[in-house]
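Colleague: Please read through the structure below; I'll follow up with questions.
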Amino acid sequence: MAKKANTTRNWTVMVYLAGDNNLDSAGVVDLKEMKTVGTTDRIAVLAQFDRAGAKQATVRYCLKKGTPLAKDAVQTLGETNTGDPNVLEDFVTWGVTNYPADHYLLVIWNHGAGWDDANLYQGDVFTGATPPVSRKQQPLVTRGAVPGAKPIAFAQARAGLARTRRALFSTTVKAAVSQRAIAFDDQAQDYLDNIELKKVMTRIKKKLSRKIDILGMDACLMSMVEVVYQMRDVADYSVGSEESEPGDGWPYDRILTALAAKPSMLPEELSKSIVSQYLASYKAGDNVTQSAMKLAVLKPLSTAVDGLAKALTKALSDAASRSALINARAQVQEYTRPYDDYCDLLHLCDLIDKGVKNPAVKTATGAIRQAAAAAVVAAGCKGPTVANSRGISIYFPKRKISPLYKTLDFTKQSKWDEFLVAYLAGLGH
């Protein structure tokens, strides 16, 4: 039922803080950032925060400026499993029911792993890593429910855990959790994978009789064609990073200040604003990326990638083309190890164009550029190691392809996975 204009806000911002892990202290910092603006008559700023520890209650907040955080608590839920899709669905239902608005921004706040929910750890990311940049002094945090854990710098934990997503949904890859003792909700030993995220967002869409306007992913490595294609029917826009995010993640104070100054922003404008505010909050050498996608126009991009896959598969039979493609893969913009199996799609097309002398391949890369120009509404990067980032990445493994890759919507709609199989098989020629 339509609301009267004076009873409905322009925006309700809902931040799902999955902090029952080593990101607990980051959640406290980000709530403080949100409170620098807080809820007004035009925007509602809501958060659900599951803190680390078995005895820590999950609390829902309607955040306000100038109040103690405890005063902003609206509901106390007890211990919850942020890896359970139902917990996310209940939060969004509560937010929309009690704080109706013309538009909704839902932010999933956690670790990030791109499309690949299985490769959560490769070795110990907490040893020998240089801590990433941080704008704030952070306390030490522990690794959570892992025996023998030692305190580490929080900023190192957040970006170092690039192979994990900040405590999300119950996994369809339970073997990975049990074998590696991965716990994004350390009490529940659980997390959300991309297939589950699509399912829960589909239920939310049905319940609301509409899509979420913007799905924000304050998490690492989520601006992938595989991830956004999975979300194409459940949200209008997505905002995320190709690269691992530094410890500070999104600058909620900057983002909400800009929105409060112009609450009439439409979803595309706010998506672009989040990208620009994120980039502005980091220094020139911080090696950060952020981009916004218009999800309704992703089908042509999938079709274009399918065309490139078919053209490249045929080109592999030519030794010169195969060699040029190997060189392109060696030079392409890729992301934080062990996620160097993810590379920038548009930079890859540029390098393929330079080396592969094949008309069908050039036609296909041109189609990708055209489709991406419509889908990527904003993109930017800062820092020398991400300088060739153009807003959207794709899976292009160097050694072997994950057996889970074929379970995604994207691989069911394109032959990119079949190209990868042929490419990797040909490396021994």
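The values are calculated or read from the model by the stated rules, or taken from the named source; none is laboratory data. These figures come from a predicted structure and were not determined experimentally. Using ideal geometry, Cβ is built from the backbone for each residue, glycine included, and neighbour counts are taken over all protein chains shown.
Colleague: Checking K206 against (1) touching a Phe, Trp or Tyr at 6+ places or on another chain (Cβ under 9 Å); (2) part of a helix (DSSP H, G or I), which test does it fail?
Modeller: The single condition K206 does not satisfy is (1).
Colleague: Something else now. If we keep just the residues of the stretch 320-359 that are farther than 14 Å from S393 by Cβ and among the hydroxyl-bearing types (S, T, Y), which is surrounded by the fewest Cβ atoms within 10 Å (Cβ to Cβ)?
Modeller: This residue is S323.
Colleague: Which of (1) out of contact with any strand residue (DSSP E or B) (no Cβ under 7 Å at 6 or more places or on another chain); (2) surrounded by fewer than 20 Cβ atoms within 10 Å (Cβ to Cβ); (3) within 23 Å of K211 (Cβ to Cβ) is the odd one out, the single condition A280 does not satisfy?
Modeller: With respect to (1) out of contact with any strand residue (DSSP E or B) (no Cβ under 7 Å at 6 or more places or on another chain); (2) surrounded by fewer than 20 Cβ atoms within 10 Å (Cβ to Cβ); (3) within 23 Å of K211 (Cβ to Cβ), A280 is out only on (3).
Colleague: Next question, about the same structure. Failed condition for R163, given (1) crowded, with 24+ Cβ neighbours inside 10 Å; (2) of a type outside the set (A, V, I, L, M, F, W, C); (3) at pLDDT below 85; (4) not in a loop (DSSP other than H, G, I, E, B), with all others met?
Modeller: Only one criterion is unmet by R163, namely (4).
Colleague: Report whether or not D233 is under 17 Å from the mean Cα position of the chain (by Cα) and surrounded by fewer than 19 Cβ atoms within 10 Å (Cβ to Cβ). Even if it seems obvious, please write down each step before you answer.
Modeller: Working: under 17 Å from the mean Cα position of the chain (by Cα): yes; surrounded by fewer than 19 Cβ atoms within 10 Å (Cβ to Cβ): yes.
Here the answer is yes, as D233 does meet what is asked.
Colleague: Inspect the stretch 250-259 for any residue being hydrophobic (A, V, I, L, M, F, W, C) and in contact with a Leu (Cβ under 8 Å, 6 or more places away or on another chain) and give the result as yes or no. Spell out how you get there, then give the answer.
Modeller: Quick first cut of the stretch 250-259, residues hydrophobic (A, V, I, L, M, F, W, C) only: 250, 255-256, 258-259.
Keeping just the survivors that are in contact with a Leu (Cβ under 8 Å, 6 or more places away or on another chain) gives 259.
The answer is yes; a qualifying residue exists.
The rows are residues; the columns are (1) over 16 Å from A379 (Cα atoms); (2) of a type in the set (A, V, I, L, M); (3) assigned to a helix (DSSP H, G or I); (4) not assigned by TED's automatic domain parsing to the domain that holds W109.
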| residue | (1), (2), (3), (4) |
| --- | --- |
| R254 | yes, no, yes, no |
| T257 | yes, no, yes, no |
| E268 | no, no, yes, no |
| V275 | no, yes, yes, no |
| K283 | yes, no, no, no |
| T289 | no, no, no, no |
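Colleague: Test L325 against the criterion of being in contact with a Leu (Cβ under 9 Å, 6 or more places away or on another chain) and not assigned by TED's automatic domain parsing to the domain that holds I214, and give yes or no. Show your work before the answer.
Modeller: On the way: in contact with a Leu (Cβ under 9 Å, 6 or more places away or on another chain): yes; not assigned by TED's automatic domain parsing to the domain that holds I214: yes.
Taking the combined requirement at face value, the residue satisfies it.
Colleague: Within the stretch 347-370, take every residue that is of a type in the set (D, E, K, R) and assigned to a helix (DSSP H, G or I) and give me the one that is nearest to T385 (Cα to Cα). Break it down stepwise before answering.
Modeller: Narrowing the stretch 347-370 to residues of a type in the set (D, E, K, R): 350, 353-354, 357, 362, 369.
Those left that are additionally assigned to a helix (DSSP H, G or I): 350, 353-354, 362, 369.
On the way: D350: 18, D353: 22, K354: 21, K362: 27, R369: 22 Å.
It comes out as D350.
Colleague: Just a yes or no: is a residue in the stretch 349-371 touching a residue at least 40 places away in the same chain (Cβ under 8 Å), under 18 Å from the mean Cα position of the chain (by Cα) and closer than 24 Å to R232 by Cβ?
Modeller: Taking the stretch 349-371 first, the residues touching a residue at least 40 places away in the same chain (Cβ under 8 Å) are 349, 352, 356, 358, 360-361, 363-365, 367-368, 370-371.
Retained after the next criterion (residues that are under 18 Å from the mean Cα position of the chain (by Cα)): none.
Within the stretch 349-371, not a single residue is touching a residue at least 40 places away in the same chain (Cβ under 8 Å), under 18 Å from the mean Cα position of the chain (by Cα) and closer than 24 Å to R232 by Cβ.
Colleague: Quick one: which of K400, K412, K406 is in contact with a helix residue (DSSP H, G or I) (Cβ under 6 Å, 6 or more places away or on another chain), of a type in the set (D, E, K, R) and surrounded by fewer than 22 Cβ atoms within 10 Å (Cβ to Cβ)? Reasoning before the result, please.
Modeller: Numbers: K400 fails: in contact with a helix residue (DSSP H, G or I) (Cβ under 6 Å, 6 or more places away or on another chain); K412 fails: in contact with a helix residue (DSSP H, G or I) (Cβ under 6 Å, 6 or more places away or on another chain).
After ruling out the rest, the residue left standing is K406.
Colleague: Something else: When the stretch 1-30 is examined, which residues are found to be more than 20 Å from I214 (Cβ to Cβ) and modelled with pLDDT of 55 or more?
Modeller: T7, D24, S25, A26, G27, V28, V29
Colleague: Which residues, taken from the stretch 300-343, are part of a helix (DSSP H, G or I), under 30 Å from P246 (Cβ atoms) and charged (D, E, K, R)? Steps first, please.
Modeller: Taking the stretch 300-343 as the starting set, the residues that turn out to be part of a helix (DSSP H, G or I) are 300-315, 319-331.
Filter once more, keeping what is under 30 Å from P246 (Cβ atoms): 301, 305, 328-331.
Selection gives R329 alone.
Colleague: Within the stretch 299-312, can one find any residue that is farther than 17 Å from T363 by Cβ and surrounded by fewer than 21 Cβ atoms within 10 Å (Cβ to Cβ)?
Modeller: Initially, the stretch 299-312 is screened for residues farther than 17 Å from T363 by Cβ, giving 299.
In the following step, the residues that additionally are surrounded by fewer than 21 Cβ atoms within 10 Å (Cβ to Cβ) were identified as 299.
Yes, there is a match, as at least one residue in the stretch 299-312 is farther than 17 Å from T363 by Cβ and surrounded by fewer than 21 Cβ atoms within 10 Å (Cβ to Cβ).
Colleague: Okay, next question. Only one residue in S302, S223 is modelled with pLDDT under 90, of a type in the set (S, T, Y) and either under 23 Å from L17 (Cβ atoms) or within 20 Å of the chain's Cα centre (by Cα) (or both). Which one?
Modeller: On the way: S302 fails: modelled with pLDDT under 90.
Of the residues listed, the single one that is modelled with pLDDT under 90, of a type in the set (S, T, Y) and either under 23 Å from L17 (Cβ atoms) or within 20 Å of the chain's Cα centre (by Cα) (or both) is S223.
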